[in-house]
Amino acid sequence: MTSRPWQIVGLATVCFIQAFHLLTGVLGDVFAMSNHQNVEDLAELGLGGQDVTSVYEHLVLSEDIFGIMAVLVFMVGFLLYRGQYLAGVRLFGTIFFAIGFIGYLFAGGSTDDGTAMSTQSDRVITLVLIGLLLAGFISLFFGKSAKWVAEHKEG
């Protein structure tokens, strides 16, 4: 089989979309920290605690975690698109997005911090994207895409 299965390209595209989605969250935290009055307003809303220092710590931690996740998801999408290390990428992606889906499903996503970007529809979009990614990585274990991955293990 010489042509790449559509699941590989589709999954890489959804990985890039998810990485961009995570990056917008990181940028939202950066912009929230750029204005001290905004941080004080978030502290009044109860985000990350009741004081400004707690809000800054919450935003920095959130920025770091989601920034790392954005890079990982982009790297997985890039490796899928290039067709390299497919067996490892398939296993890593399945575990990574299974944990993310279960965590997001049971934890209900992030708490509503009162900002315009924190809405119920944002939570639904995130859950759908993570669910699509999980289903896509699971599909790489079956059918033609599994055969293609097996043939291209070396990358």
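Accessible area per residue of the chain at 1.4 Å probe, in Å²? Present the calculation step by step, with values, prior to reporting the outcome.
On the way: 9020 Å² over 155 residues.
Value returned for the chain: 58 Å² of accessible area per residue.
Once both axes come from the Cα atoms, what is the angle between helix 120-139 and the longest principal axis of the chain, in degrees from 0 to 90, rounded to 10?
Between the helix axis and the principal axis of the chain, the angle is about 20 degrees.
Taking the Cα-to-Cβ direction at GLU40 and at VAL60 and moving 7 Å from each Cα, how far apart do the two end points lie in nm?
About 2.1 nm, to one decimal.
Ignoring any ligand, DNA or RNA, what whole percent of the accessible area of the chain comes from carbon and sulfur when the probe is 1.4 angstrom?
Percent of accessible area from carbon and sulfur atoms in the chain: 69.
What ranking do 71-82, 53-64 get when scored by the average of other Cβ atoms within 10 Å per residue, highest first? The partial results should precede the final answer.
Values: 71-82: 18.9, 53-64: 16.6.
Taking the mean over residues of other Cβ atoms within 10 Å, the ranking is 71-82, 53-64.
Quote the relative contact order of the chain in percent (integer), defining contacts as alpha-carbon pairs under 8 Å separated by 6+ residues. Write down the numbers at each step before the final one.
On the way: 158 pairs, mean separation 50.1, N = 155.
Once divided by the residue count of the chain, the mean separation gives 32 percent.
At 0.36 nm per residue, and after removing the present C-alpha to C-alpha distance, how many nm does the segment from VAL71 to ALA87 gain when stretched out fully?
Values: separation 16, 0.36 × 16 = 5.76 nm, distance 1.96 nm.
Length difference between fully extended and current span is 3.8 nm.
In terms of modelled amide H atoms, which long-range or inter-chain residues lie less than 5 Å from the amide H of ARG4?
Placed amide hydrogens put nothing under 5 Å from ARG4.
Return the calculated 222 nm mean residue ellipticity for the chain, to the nearest 500 deg cm²/dmol, obtained by summing -39500 (n - 2.57) across DSSP H runs with n ≥ 4 and dividing by the residue count. Mind showing how you got there, number by number?
Numbers: 6 runs with 120 residues, N = 155.
The per-residue figure over the chain is -26500 deg cm²/dmol.
The values are calculated or read from the model by the stated rules, or taken from the named source; none is laboratory data. What you are looking at is a predicted structure, and each value in this text was computed from that prediction instead of being measured. So basically every Cβ, Gly included, is an ideal-geometry build from the backbone, and we count neighbours across all protein chains shown. For the accessible areas, the whole protein counts, side chains as well, though only heavy atoms, and no ligand, DNA or RNA atoms are used. Shrake-Rupley method; radii C 1.70, N 1.55, O 1.52, S 1.80 Å.
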